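Novice: Next up is a structure, given as structure tokens.
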Amino acid sequence: MKELQELARTLLSSGTVGVVIGWEEGPRGARPAFITDAADSSRLIFDHRCTHNLATYLSPRRPHMARLGKAAIVVKGCDARAVAGLLRETQVKREDVVIIGVRCGGVAADPAGAKPLTAETVAERCPGCTAREPHLADHVVGEAQPEPPGAPTRDARIAELDAMSAPKRWAFWQAEFARCIRCNACREVCPMCFCERCVGDKTEPQWLESSPHPRGNFAWHVTRALHQAGRCVDCGECQRACPADIPLGLLNRKIAGIVADRFDYRATDDPTVPAPIGAFSMSDRQEFIL
Amino acid sequence: MKVGYYPGCSLHGTSREFDESLRAVAEVLGVELAEIDDWSCCGATSAHATNHLLSVALPARNLALAESQGHAEVLAPCAACYNRLAGARHEIATDAALAARMPELIGRPFANTVAVRNVVEVLHGLLPTIRVRAGQPLAGIKVACYYGCLLVRPAEVCSFDDAEDPVTMEEVVSATGATPVAWDMRLECCGGALSVSRTRSVVRLGRAILNDARAAGADAIVVACPMCHSNLDFRQSAMVRRGEAAMPVLFLSELVGLAFGVAPDRLGLRRHFTSARSLLDRVQPPAAAREVR
Amino acid sequence: MALPAEKIEAFEPRITAFVCNWCTYTGADLAGTSRLQMDPNVRIIRLPCTGRIDPLFVIKAFERGADGVIVSGCHPADCHYTSGNYHARRRFAVFNEILGFLGVEPERLTFSWVSASEGQKWREVVNDATARARRLGPFDAFRALAGRSA
Amino acid sequence: MARIGVFVCHCGENIGRTVDCARVAEELGKLPGVAHAIDYKYMCSDPGQALIKQAIAEKKLTGVVVAACSPHMHEKTFRRACGSAGLNPFLCEMANVREHCSWIHEDRDAATDKAVDLARFIVEKVKRNVPLETIRIPVTKRALVIGGGIAGIQAALDLADGGAEVILVEKEPSIGGHMSQLSETFPTLDCSQCILTPRMVEVYQHPNIKLMAYSEVAEVGGYIGNFDVKIRQKARYVDAANCNGCGACQKACIVRKVPSEFDEKLGKRTAIYVPFPQAVPNIPVIDRASCAYFKAKAKGVKKDACGKCKEACSKGAIDYEQADTFVTEKVGAIVVATGYTLYSIGKDQPEGLRGYGEYGYGTIPDVIDGLQFERLASASGPTAGKILRPSDGKEPKRIVFLQCVGSRDPAKGIEYCSKICCMYVAKHTMLYRHKVHDGQATVFYMDIRANGKGYDEFVRRAIEEDGARYVRGRVSRMYRDGETIKVQGFDTLSGEPVVIDADMVVLATAIRPQPGIEQLAQKLSASYDAHGFFNEAHPKLRPVETNTAGVYLAGACQAPRDIPDSVAMASAAAAKILGLFSKAELEREPTVAKVDAALCAGCFHCERVCPYGAITRIEVRDRKGNLVKIVAEVNPGVCQGCGTCQATCPSKSVELQGFTDEQIWSEINALLA
């Protein structure tokens, strides 16, 4: 913690950056912090409640952030993959951001989660995490952390769904999507959703109905999933932000499985690894094509 | 290190010295050879000349046994056994329909998970240990490494070395302190099983091999195949002409054993038809040679 | 979900085909010039390339009441635009799996490579897709999303 | 409000037999926005087209739908008719009610219903069509030819004679290519240099040809009619303007034992050299890697660096300080004629290939390849045309020739036939017999492929008159036995293994594309096959074009080719280009993509999927000039209109004109109403 605060102080007071994006103590647990004054650096914290992926604030579609000047951003290993995604898709230039990596031992599903982190409170994406070390960082602070508690659960749930008949799966997802109020929180929080104008907001023609209605809801969630294929970094923010508790993490995990299986691609914080969509291989599997 | 051991018929019969020397060398190297319980014939040349399916099923049975006995890899010292086992493994791995038929054919579960290794490959994997364990007894001894046909071919099955220009045996020999010679007939045919039916062909082929090794200055030929050994050793008296010196033919494991200072008797060197005395006389310390008749 | 036999008889599925201009559309033309009789349930929308075919088209077609959708283009290595079909293959591989995961019956969607010389194959694709949709019955599940049932 | 005209064609009986055309017209006429709907016997006939033109004028139509045959048949016809009546041609579309309806259905009701559907959704599409203008592209009437072998020389001369300016780029110090290395050529046995060198001189002297030898293409930008090509001229360390080609520098050079590339390492050259006496241009280059001056400089020796050539040059043309220079040229078309290289049997191989361990991986002396034999047989070669083996200079009395070394051998990674080897091996056996009368040539072959004019007769001559012994089979092994090479093979006709003693072995190794060809292809956005040969646009109908408009192929860069084939391809490419240059402007269909810069977020997925490199990056700046963002832009000259960018764009910020989202959305909507 001291190390992080010191680093932020140096970066700000030397004028290297105009803002350090990190976490601070808020009234309901950890919350994002934007430190512009070196004197405020001591507000910065990092612990298991810092679940937010701050990379979303690097999106060039947030002009109020640009006004704060060059940014330093604190990232966990999973968040670093989002920064890599932004670099890969030319949204951010490497020289325009200072990346401070923190070593992560898993985060709580809820930023207000009490200590210590347990198998009950840990975010579902954390157990078995393979991205706890941020390689992309300019500075890495803190000591190596223990493995997150608990065991992975999502793959088993996906297998369960896969084993169902199509109509049963349909019923399952329809029940989930029925709760969607199309608030777009999943999109707004996502670091990889940086379009100027989301296709979900497009009119003329309106491909996706925007009112909370089963038809538009389905089309939206299919399209969101498709657009995340090979891009999602599994930071879990969409699911955390969802007020209707739709298990988007499950869908994301499924897509990650598809691109890993078909295109041998796994989310990475190496921005030089090309994304699988937009590329192709002559030998891509085509068992579904007659 | 523990490895499944598939001796095959030769190592229990005509090539007992291969088995003996291998066990002696394995002991020094700390490799435990766990003989596969209830192993059966690999099929050798007969099976694939008569029934293709049988030629795959016979090795598969042995691989399945190894699998059920918990082995990740199997050492098949005989080059023919190795070729059949590795070949069957490859064929099953690349033919899903064949793989699906296997369990029923051999009457036991089979996932084709066991890797098949030959002696050269296994010893090559232990080069650093061999270098440490080998003293200097073989210094100055020149050896012609003879691969024959089954050890490195076909390339897609025996992928541990280059099928046309293999080097692993030479590297093992170098590690023992002996000097491998460069020669041309390393991969030529020894005549194989024609030894019985067309002996004259085998004599003609073997003679060319011996002559080339001799011309290259070799003191001995080293092999890793019972068939090659049998032809070059047992038939040698018919190959050499008057005035020509005999050429000792050793199994690779025997040479490694000598380098380790194992007594020639324990390596089965007395079982050869062509005396290895000329070689043993030069092994340091010469005392070792006295144990052989 | 299969319908009783008499209902299968009465039901005429509506199938939308998105095809590329150079291979499948031309292959369908060849089926015509060869007078290959086939089920009349398929309507073809012509695009320049499978690379242009957007999964949104497929969703929209289902929303509008299609009982089946065909996506078809040039065989690998035959694309008029060199690589549009390869990109489409990746896109639809993912899309197809996502739809499956969300509970859409895989038989609703047909992907095929039909070249300009494969009029016969086009007929098979059309007849098979029609037969499959007939067997499954109207795509009521999707239509129910819009609050209307067939 | 749209005013669409619908014209339903009976196509004689072809449509009318199964589709009730009158009913189709009647149903369509009821649609909102349809101002006119009729049926007629033959819409494509003159009176039929007149009906359309008349309706456009009288009913003030804003769009036309012709329900008839396939658009592949008559779209151009009807669009032209609309255009002549003053309606933008791109406001006309066809509904395919013949191939896709009347011809494939028998039930009249079902077919008529379907025809109504097909016409209806096209009506909805046409409502959203917008007038488009044909794209006109200016053409720069200069051509770039890459490669100065026989194909490049022929293309350059044909183009230049046709009145086009040509820039001929050759990476070696001289043009001439492999053909200049050959002794005699099949099937006539005429001297290769005798027929080639006059053509080389012609290139040099042609007023329309700018020769850039010792140069390479560094970058290619632009598109058909308007390429910008950046060319790197490598430093020769000799001032070409001053050099008079006297050769004094070469006489003075102290480094005399550099293996000659031209002689395939069988001869020697100096460090400052021209590759061969008839080189064009006849200007030497200094080979920096072997030059004593540069070596001394590299070691840091200041004084006493060699400098002998500089002293010897009376024109002061030697310039050790010369550096690579870059020039950018504008051209309208490009011919790729980069030729081939020979596969070698050595151990080090590019990915996917394997060497021949069974032939000793190239370590046996006196086992040479076909080009080396050409140099031995050539009167200008290192042995002055005497067949002498490289190891000891003795005349070989027994030569074994091996065909298909690498070629047709999937185990070595090359499954294709190299095409020219059967012929040149036959030639080699003849040249050998003509020079060594008591020599015996033995050829191992798989098949003899002598399918050209006079080719088979030529091979027969080699066998029947010049005594070449042909053995059908392959060689399994080769090894040395003293001074002899034992060639161990199998005669598949007699079914016997054979061992042949040879004094020398000549391998007809496979023809492969030049190294670095993939990079060149990428610069040109042209596609290439798994072996690196350029892909032609169509294997039968467009054999000298690539998929990239304006880029053409000649010679062995496309596949193994002999001289006549290469020359024919070169002339064909030149003819294509002269045809292109005969027009002032190129016309293109406006089916191209367009980016909405305001909506583009600059993720550049479109750039990655575009097969043509048509996407460029442009900066968007606010009024004060501050950079707002970098977005994609489509170059309409390069875009071919596949639309892959649009389907890939997550926000749909790029639209393919003629196939916009609105149009397709309307089609889907109308179809399933």
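Novice: Out of all the residues in region B:11-37, which are in a loop (DSSP other than H, G, I, E, B), touching a helix residue (DSSP H, G or I) at 6+ places or on another chain (Cβ under 6 Å) and without any contact (Cβ under 8 Å) to a residue 60 or more places away in the chain?
Specialist: B:Ile36
Novice: With the requirement that a residue be assigned to a loop (DSSP other than H, G, I, E, B) and under 14 Å from B:Glu171 (Cβ atoms), what does region B:102-151 give you?
Specialist: B:Leu126, B:Ala134, B:Tyr147
Novice: Restricting the search to region D:349-372, which residues are over 16 Å from D:Val475 (Cα atoms), surrounded by 16 or more Cβ atoms within 10 Å (Cβ to Cβ) and more than 14 Å from chain B (Cβ to nearest Cβ)?
Specialist: Result: D:Asp366, D:Gly370, D:Leu371, D:Gln372.
Novice: Within region D:619-673, restricting attention to residues that are at the interface with chain C (Cβ under 7 Å from one of its Cβ atoms) and assigned to a loop (DSSP other than H, G, I, E, B), which residue is farthest from the chain's Cα centre (by Cα)?
Specialist: Here the residue is D:Leu672.
Novice: Would you please name the residue that is nearest to the chain's Cα centre (by Cα), looking only at residues in region D:405-422 that are in a helix (DSSP H, G or I) and surrounded by 24 or more Cβ atoms within 10 Å (Cβ to Cβ)?
Specialist: Looking at residues that are in a helix (DSSP H, G or I) and surrounded by 24 or more Cβ atoms within 10 Å (Cβ to Cβ), I get D:Cys421.
Novice: Might you let me know whether region A:168-175 holds any residue that is of a type in the set (Gly, Ala, Ser), within 30 Å of C:Pro106 (Cα to Cα), modelled with pLDDT of 90 or more and not in a loop (DSSP other than H, G, I, E, B)?
Specialist: Of region A:168-175, the ones of a type in the set (Gly, Ala, Ser) are A:171, A:175.
Checking which are within 30 Å of C:Pro106 (Cα to Cα) leaves us with A:171, A:175.
Filter once more, keeping what is modelled with pLDDT of 90 or more: A:171, A:175.
Narrowing further to those that are not in a loop (DSSP other than H, G, I, E, B): A:171, A:175.
Yes, there is a match, as at least one residue in region A:168-175 is of a type in the set (Gly, Ala, Ser), within 30 Å of C:Pro106 (Cα to Cα), modelled with pLDDT of 90 or more and not in a loop (DSSP other than H, G, I, E, B).
Novice: Tell me, which residue of region D:373-404 that is under 26 Å from D:Pro513 (Cα atoms) and touching a Pro at 6+ places or on another chain (Cβ under 9 Å) is surrounded by the fewest Cβ atoms within 10 Å (Cβ to Cβ)?
Specialist: My answer is D:Arg375.
Novice: Just for region A:181-208: of the residues that are under 19 Å from C:Ile98 (Cβ atoms) and within 12 Å of chain C (Cβ to nearest Cβ), which one is farthest from the chain's Cα centre (by Cα)?
Specialist: Across region A:181-208, the extreme among qualifying residues is A:Trp207.
Novice: Could you look through region C:77-90, keep only residues that are more than 7 Å from every other protein chain (Cβ to nearest Cβ) and touching a helix residue (DSSP H, G or I) at 6+ places or on another chain (Cβ under 7 Å), and pick out the one that is modelled with the lowest pLDDT?
Specialist: Residues of region C:77-90 that are more than 7 Å from every other protein chain (Cβ to nearest Cβ), as a first pass: C:77-80, C:85, C:88.
Right, trim to touching a helix residue (DSSP H, G or I) at 6+ places or on another chain (Cβ under 7 Å) and you get C:79, C:85, C:88.
Details: C:Cys79: 84, C:Asn85: 92, C:Ala88: 94.
Per the criteria, the residue is C:Cys79.
Novice: Looking at (1) part of a helix (DSSP H, G or I); (2) closer than 25 Å to D:Leu196 by Cα; (3) basic (Lys, Arg), which is the only condition D:Arg561 fails?
Specialist: With (1) part of a helix (DSSP H, G or I); (2) closer than 25 Å to D:Leu196 by Cα; (3) basic (Lys, Arg) applied to D:Arg561, the lone miss is (1).
Novice: Could you check region A:158-187 and list, in sequence order, the residues that are surrounded by fewer than 16 Cβ atoms within 10 Å (Cβ to Cβ) and touching a residue at least 60 places away in the same chain (Cβ under 8 Å)?
Specialist: Across region A:158-187, the qualifying residues are A:Arg179, A:Ile181, A:Cys183.
Here is a yes/no grid of residues against (1) surrounded by fewer than 21 Cβ atoms within 10 Å (Cβ to Cβ); (2) closer than 30 Å to A:Pro214 by Cβ; (3) more than 9 Å from chain A (Cβ to nearest Cβ):
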residue	(1), (2), (3)
C:Arg64	yes, yes, yes
C:Ser72	no, yes, no
C:Leu99	no, yes, no
C:Gly103	yes, yes, no
C:Pro106	yes, yes, no
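Novice: Here is a further query. Please identify the pairs in which a residue from region A:268-285 that is away from chain C (no Cβ under 14 Å) and in contact (Cβ under 8 Å) with a residue 60 or more places away in the chain has its Cβ atom under 6 Å from the Cβ atom of a residue that is surrounded by 13 or more Cβ atoms within 10 Å (Cβ to Cβ) and assigned to a loop (DSSP other than H, G, I, E, B), counting only partners at least 6 apart or on another chain.
Specialist: Between residues of region A:268-285 that are away from chain C (no Cβ under 14 Å) and in contact (Cβ under 8 Å) with a residue 60 or more places away in the chain and residues that are surrounded by 13 or more Cβ atoms within 10 Å (Cβ to Cβ) and assigned to a loop (DSSP other than H, G, I, E, B), the close pairs are A:Asp269/A:His135; A:Asp269/A:Leu136.
Novice: Let me ask something additional. May I ask you to list the residues in region D:64-84 that are under 18 Å from D:Asp39 (Cβ atoms) and not in a helix (DSSP H, G or I)?
Specialist: Hits for region D:64-84 are D:Val64, D:Val65, D:Val66, D:Ala67, D:Ala68, D:Cys69.
Novice: Hey, could you check region B:71-109 for residues that are within 29 Å of B:Phe251 (Cα to Cα) and among the small types (Gly, Ala, Ser) and say which is surrounded by the fewest Cβ atoms within 10 Å (Cβ to Cβ)?
Specialist: It comes out as B:Ala72.
Novice: Among the residues of region D:565-591, what is the count of those that are free of Cβ contacts under 8 Å to residues at least 24 places away in the same chain and within 21 Å of the chain's Cα centre (by Cα)?
Specialist: Keep residues of region D:565-591 that are free of Cβ contacts under 8 Å to residues at least 24 places away in the same chain, which gives D:565, D:568, D:579, D:582.
Retained after the next criterion (residues that are within 21 Å of the chain's Cα centre (by Cα)): D:565, D:568, D:579.
So the count comes out to 3.
Novice: Further question: Which fully enclosed helices (runs of 4 or more DSSP H) of region A:1-108 have 1 or more residues being touching a residue at least 12 places away in the same chain (Cβ under 8 Å) and out of contact with any helix residue (DSSP H, G or I) (no Cβ under 8 Å at 6 or more places or on another chain)?
Specialist: A:2-13, A:77-88
Novice: Can I ask one more? On the given criteria, is D:Ala521 among the small types (Gly, Ala, Ser), assigned to a helix (DSSP H, G or I), within 14 Å of another protein chain (Cβ to nearest Cβ) and within 14 Å of the chain's Cα centre (by Cα)?
Specialist: Details: among the small types (Gly, Ala, Ser): yes; assigned to a helix (DSSP H, G or I): yes; within 14 Å of another protein chain (Cβ to nearest Cβ): yes; within 14 Å of the chain's Cα centre (by Cα): yes.
Yes, satisfied.
Novice: Please determine, by comparing only the residues of region C:46-67 that are part of a loop (DSSP other than H, G, I, E, B) and touching a residue at least 40 places away in the same chain (Cβ under 8 Å), which one is nearest to C:Arg143 (Cα to Cα).
Specialist: So, considering only residues that are part of a loop (DSSP other than H, G, I, E, B) and touching a residue at least 40 places away in the same chain (Cβ under 8 Å), the one nearest to C:Arg143 (Cα to Cα) is C:Gly65.
The values are calculated or read from the model by the stated rules, or taken from the named source; none is laboratory data. Not measured: the values here are computed from a predicted model. No Cβ is skipped: glycine too gets one built from the backbone with ideal geometry, and neighbour counts run over all protein chains shown.
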